[in-house]
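Quick notes on the structure that follows.
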Amino acid sequence: MNEQLADIKKDFSQWYLDVVYKAELADQSPVRGCIVIRPYGYAIWELIRDRLDTRIKATGHQNASFPLLIPESFLKREAEHVEGFSPELAVVTHAGGKELEEPLVVRPTSETIIHYMFARWLTSWRDLPIKINQWANVVRWEMRTRPFLRTTEFFWQEGHTAHETAAEAEAEARMMLKEYIDLAHEYLAIPVIAGRKSEHEKFPGADLTLTYEALMQDGKALQMGTSHLISQSFARAFNMSFQDRNGQQAYPYLTSWGATTRLVGAVVMTHGDQKGLILPPKIAPIQVVIIPIYKAGTDATVINEALERIKQTLSPWRIHVDAAENLTPGAKFYHWELKGVPLRLEVGPRDIAQGQVVIADRITGKKQVVAHDDLARFVDVSLEEMQTTLLERARQRLSAQWHKVAKLADFAAQLEADNGLYQAGWCGDAACEAILKQHKATTRCLLNEKTLTVCFQCDKASIGDVLIAKAY
Ligand SMILES: [Zn+2]
């Protein structure tokens, strides 16, 4: 129990903020809606980023960098895109002491400027595919912000590709969705549900938006990331034509896909408990924290020698020795539990004399005595097991809060009171979808299955199952 934190069961929303700030993941900034990501939070993001970057390169993409500022006219070239993003744009009108001839938009996303460049680079089918990724910060003027989940400025990667055929582009968009799902399962230990967004929920300017969604502990859904098939109208708007294999002018098929610092928020909300954060070992900046227990009358050199041996034994892992002298062991335990470190190792004089250490894991808090000779194996197995346990726990929660339902009239009260995911039939009409707003819910994604025959709202036949939830 950490009394510094709001009650996770009664006030999840405040609990989340408490964990983010008190575990030193982020701090409030003087700029409205923007956060400062502190070193510990940034280290988690770096581990996520490194894994994703490796996979982006392994699947044939190259990193590049495009300008932060985009001519305003670029945004206006594609009608749906400008309509979707206009309310969120930050615009630079003055620079160098003068009013600019053409205002510049701080990128909310980079399709337009990247497509402008693709048009310059593309002349023949031989130039395709183009597969680019950018790691960047973007700005969307959000009215209601929440650290990591929705901030005015956020960090992400945005992949942008151009292909000769529609089939190739769709395969690309699906491949990257799968990469994101693997990242969520294998690294973040978060089970997700994939599907496509409705017309109303899709990316402005996309023909198809694929999404993967997770369920947080409070039963609200979180869109983890998206992968889009971009409309060819972008290619036309930016004169991105090329000579195809038959010598005809053609337009390429485009994709874009992104994952953001929101994933850090997802980890907090999926795994944390009343003691604070719980980090999946694969993305924990510190996997094992080592706490020496100095007792009155013990020879510090004995403990320090033991610490050196342990550091060597555990060198394959990310470890930290907390040797601060001004804090009691109890205060240190509490601090590292709040920060979600998977394993805590206690090194006291009596244990050293017996060639052993005491290890506690962050999920159960259970203490075990481990012989020094067995330490490396024990840590290896424990971290592996914790990674699996976290995913399994989240899976069980997901299935417990996933309801198959028929009519909105019957499940609306439950949706409002308990949150959760509701799988229903849908006729595909925007009017039926819009009614969900009255219950503060939206369609999260259309599933690739059809188990219900009638729409949740009207009497028309269902076009396929849809997932409904309240969402962040
Ligand atoms: Zn309907």
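In table form, for the structure just shown:
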item: Strands (runs of 3 or more DSSP E) (entirely within region 197-309) containing at least 1 residues that are more than 30 Å from E337 (Cα to Cα) and among the acidic types (D, E); result: 206-215
item: Output for region 443-472, where each listed residue is under 21 Å from L208 (Cβ atoms), of a type in the set (G, A, S), within 13 Å of the ligand (Cβ to nearest atom) and assigned to a strand (DSSP E or B); result: G464
item: Among the candidates E186, E213, E199, residue that is closer than 18 Å to L47 by Cβ, outside the structural domain of G464 (by TED's automatic domain parsing) and of a type in the set (D, E, K, R); result: E186
item: K407 being within 16 Å of the ligand (Cβ to nearest atom), out of contact with any helix residue (DSSP H, G or I) (no Cβ under 6 Å at 6 or more places or on another chain) and under 20 Å from A194 (Cβ atoms); result: no
item: Some residue of region 428-437 being away from the ligand (no atom under 16 Å from the Cβ), buried (at least 20 other Cβ atoms within 10 Å of the Cβ) and not assigned by TED's automatic domain parsing to the domain that holds T313; result: no
item: Unique match (being closer than 21 Å to L229 by Cβ and either outside the structural domain of R245 (by TED's automatic domain parsing) or crowded, with 16+ Cβ neighbours inside 10 Å (or both)) among L104, L75; result: L75
item: Residue list for region 404-427, filter: crowded, with 16+ Cβ neighbours inside 10 Å and closer than 30 Å to A189 by Cβ; result: V405, F411, L415, N419, G420, L421, Y422, Q423, A424
item: Any chance E325 is charged (D, E, K, R) and in a loop (DSSP other than H, G, I, E, B); result: yes
item: Matching entry among P129, P147 (being surrounded by 17 or more Cβ atoms within 10 Å (Cβ to Cβ), modelled with pLDDT of 95 or more, in contact with a strand residue (DSSP E or B) (Cβ under 6 Å, 6 or more places away or on another chain) and more than 25 Å from S231 (Cβ to Cβ)); result: P147
item: Residues that are more than 30 Å from D11 (Cβ to Cβ) and surrounded by fewer than 20 Cβ atoms within 10 Å (Cβ to Cβ), drawn from region 272-302; result: I293, Y294, K295, A296, G297, T298, D299, A300, T301, V302
item: Residue among A296, A331, A300, A323 that alone is farther than 30 Å from L263 by Cβ and touching a Phe, Trp or Tyr at 6+ places or on another chain (Cβ under 7 Å); result: A300
item: Number of the condition not met by P349 [criteria: (1) in contact with a Ser or Thr (Cβ under 7 Å, 6 or more places away or on another chain); (2) within 26 Å of P280 (Cα to Cα)]; result: (2)
item: Filter result for T109 (in a loop (DSSP other than H, G, I, E, B), polar (S, T, N, Q) and within 27 Å of D182 (Cβ to Cβ)); result: yes
item: Filter pass, L415 being within 22 Å of A221 (Cα to Cα), without any contact (Cβ under 8 Å) to a residue 60 or more places away in the chain and either touching a helix residue (DSSP H, G or I) at 6+ places or on another chain (Cβ under 7 Å) or assigned to a loop (DSSP other than H, G, I, E, B) (or both); result: yes
item: Filter result for the condition that a residue is surrounded by fewer than 24 Cβ atoms within 10 Å (Cβ to Cβ), under 22 Å from I56 (Cβ atoms) and of a type in the set (A, V, I, L, M), over L208, L254, L263; result: L208
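The values are calculated or read from the model by the stated rules, or taken from the named source; none is laboratory data. What you are looking at is a predicted structure, and each value in this text was computed from that prediction instead of being measured. Here Cβ is always computed from backbone atoms with ideal geometry, including for glycine, and neighbour counts include all displayed protein chains.
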